[in-house]
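Take a look at the structure set out below.
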Amino acid sequence: MSRIGRMTITVPSGVTVNIKRDRVTVTGPKGELSCPTSPEISIAQQDNTLTVSRPSDNREHRSLHGLTRSLVANMVTGVSSGFDKYLEIVGVGYRAEKTGDKLTLRVGHSHPVEVPPLPGTSFTIEGNRIKVSGIDKEVVGEMAARIRKVRPPDAYKGKGIRYAGEVVHLKPGKAGKVVGKK
């Protein structure tokens, strides 16, 4: 059995789950999310828990079992509490500003770079940190990746945009001339 697929999903109060044969819709205080599912994987709701089960142990059913459970659990978490992803800006003179709903980055290019938000995401700027928020985990991760792509961390100086807590291993620079060579 799949370790992920076997775990039950607890549905918090204020969240409703509508299960159809090939689609699951989750509605909560932060919004509504919907996801297609395989009709072969069954999702059962008892009181405030959801259980995902598969019909057989064939390879396709095993892979869909854990995937379906993860997708439904992420939707439940998203509509109840939401997802956040933090990015850090490292570098002298590098900064971010919020203009309207767009994010304006000044990160060493000859021009400021404007990043429009994907539907369902929002930005918050706290000093040199950017917070990307939303209810869909996939969209929040995609938005954070697009922001990071504007100026990924440099391997020699470490300047750029990185995820909070990301470790950047710096390469050594040129060694220069070898002293004492005859």
Go ahead and run the numbers for FRET between Lys157 and Glu60, Cβ-Cβ distance against an R0 of 35 Å, rounding to 0.05. 0.15
Based on the Cα atoms of the chain, what semi-axes does the equivalent ellipsoid have, where each is the square root of 5 times one gyration tensor eigenvalue, given in whole Å with the largest first? 43, 23, 12
Sequence-separation-based contact order of the chain, relative, with Cα cut under 8 Å and 6+ spacing, percent: 17
Modelled label reach - Thr10, point 7 Å along Cα→Cβ, segment 58-101 residues with backbone N closer than 17 Å: 73-82
Test of understanding: in a Gaussian network model of the chain with alpha carbons linked when under 10 Å, which of Lys85, Lys30, Lys171 would top the mean-square fluctuation ranking? Lys171
Viscosity 1.002 mPa s, temperature 20 °C: Stokes-Einstein D of segment 83-163 from its Kirkwood Cα radius, in µm² per second? 170
What is the order of Arg129, Arg146, fewest Cβ neighbours within 10 Å to most? Arg129, Arg146
Tabulate in residue order the Karplus-calculated ³J(HN,Hα) for segment 134-139, using 6.51 cos²θ - 1.76 cosθ + 1.60 with θ = phi - 60°, rounded to whole Hz; enter x for Gly and Pro. x, 9, 9, 4, 5, 5
Give me the extension gain from Ser122 to Asn18: residue separation times 0.36 nm, minus the current Cα-Cα distance, reported in nm with one decimal. 34.8 nm
Thr49-Arg146 FRET efficiency (beta carbon distance; Förster radius 41 Å; 0.05 resolution): 0.70
In straight Cα distance, which aspartates and glutamates are under 13 Å from Lys159, not counting same-chain residues fewer than 8 positions off? Glu88
Which three extents, in whole angstrom, do the alpha-carbon atoms of segment 16-94 cover along their principal axes, largest first? 57, 32, 18
Find, among the chymotrypsin sites (Phe, Trp or Tyr not before Pro) in segment 76-125, those assigned to loop by DSSP (not H, G, I, E, B) with at most 10 other beta-carbon atoms within 10 angstrom. none
Mind telling me which of Leu67, Leu50, Leu170 comes out most flexible in a GNM of the chain, alpha-carbon contacts under 10 Å? Leu170
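FYI, it's all coordinate maths here, none of it is from the lab. Quick caveat, the model's predicted, so the values are computed rather than measured. Cβ atoms come from the backbone with ideal geometry, glycine included; neighbour counts cover every protein chain shown.
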